[in-house]
Amino acid sequence: MASTGAAWVAGYVAAWESNDPEQIGELFADDAVYLTAPDHEPRRGRDAIVAGWLEDRDEPGEWAFDWTIIHEDPGFIVVQGRTEYPAEKDYLNLWIVRLDEGGRATEFTEWYMPRRHKD
């Protein structure tokens, strides 16, 4: 059986693939905070998170994502990943996710570092 963290990340990737607002919203608590970049205001609340996600969305087939959970405690996961955009750059990712008892994110913080494509 998958851990709560693994189930959450799998749900995130599925929502990323679908861009379905309901599927995205199911990932986050009503009052969740989503931090996307150091100098940007965080998205606060499920509705703002869904709206921001859809505004910045990636289309299916434009990317690939591989991930692993490098640490998990009840209510807390650290995810290391790599996002590949064949038409652009690749990114190394680090996510810090806090989950409520129902398995929804209350806080999501992402860091990413661009990498050049290997020729």
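The values are calculated or read from the model by the stated rules, or taken from the named source; none is laboratory data. Keep in mind that what you see is a predicted model, and the values were worked out from it rather than measured. Quick reminder, even Gly has a Cβ in these numbers, built from the backbone with ideal geometry, and neighbours come from all protein chains shown.
In the stretch 1-46, of all residues being among the acidic types (Asp, Glu) and over 20 Å from THR68 (Cα atoms), the one that is nearest to the chain's Cα centre (by Cα) corresponds to GLU26. When TRP111 is tested against (1) among the hydrophobic types (A, V, I, L, M, F, W, C); (2) surrounded by 15 or more Cβ atoms within 10 Å (Cβ to Cβ); (3) within 12 Å of the chain's Cα centre (by Cα), exactly one condition is not met: (2). All of (1) hydrophobic (A, V, I, L, M, F, W, C); (2) in contact with a helix residue (DSSP H, G or I) (Cβ under 7 Å, 6 or more places away or on another chain); (3) buried (at least 16 other Cβ atoms within 10 Å of the Cβ) hold for VAL33 with one exception: (2).
Of all residues in the stretch 4-19, exactly one satisfies the criterion of being exposed (fewer than 14 other Cβ atoms within 10 Å of the Cβ) and more than 20 Å from ILE77 (Cα to Cα), namely SER18. Within the stretch 1-18, identify whether any single residue is outside any helix (DSSP H, G or I) and either closer than 17 Å to ASP100 by Cβ or in contact with a strand residue (DSSP E or B) (Cβ under 6 Å, 6 or more places away or on another chain) (or both), and answer yes or no. Among the residues of the stretch 1-18, at least one is outside any helix (DSSP H, G or I) and either closer than 17 Å to ASP100 by Cβ or in contact with a strand residue (DSSP E or B) (Cβ under 6 Å, 6 or more places away or on another chain) (or both), which makes the answer yes. Does ARG82 fit the bill of being modelled with pLDDT of 95 or more, closer than 20 Å to GLY103 by Cα and of a type outside the set (A, V, I, L, M, F, W, C)? Criteria not met by ARG82. The criterion of being in contact (Cβ under 8 Å) with a residue 24 or more places away in the chain, buried (at least 16 other Cβ atoms within 10 Å of the Cβ) and either more than 21 Å from PRO38 (Cβ to Cβ) or touching a strand residue (DSSP E or B) at 6+ places or on another chain (Cβ under 8 Å) (or both) does not hold for GLU101.
Residues in the stretch 73-92 that are surrounded by fewer than 17 Cβ atoms within 10 Å (Cβ to Cβ), at negative phi and not aliphatic (A, V, I, L, M): ASP73, PRO74, PHE76, GLN80, ARG82, GLU84, TYR85, PRO86, GLU88, LYS89. When TRP67, TRP63, TRP8 are checked against the criterion of being at negative phi and touching an Asp or Glu at 6+ places or on another chain (Cβ under 8 Å), a single residue qualifies: TRP63.
The requirement of being within 21 Å of MET113 (Cβ to Cβ) and among the polar types (S, T, N, Q) is satisfied by THR68.
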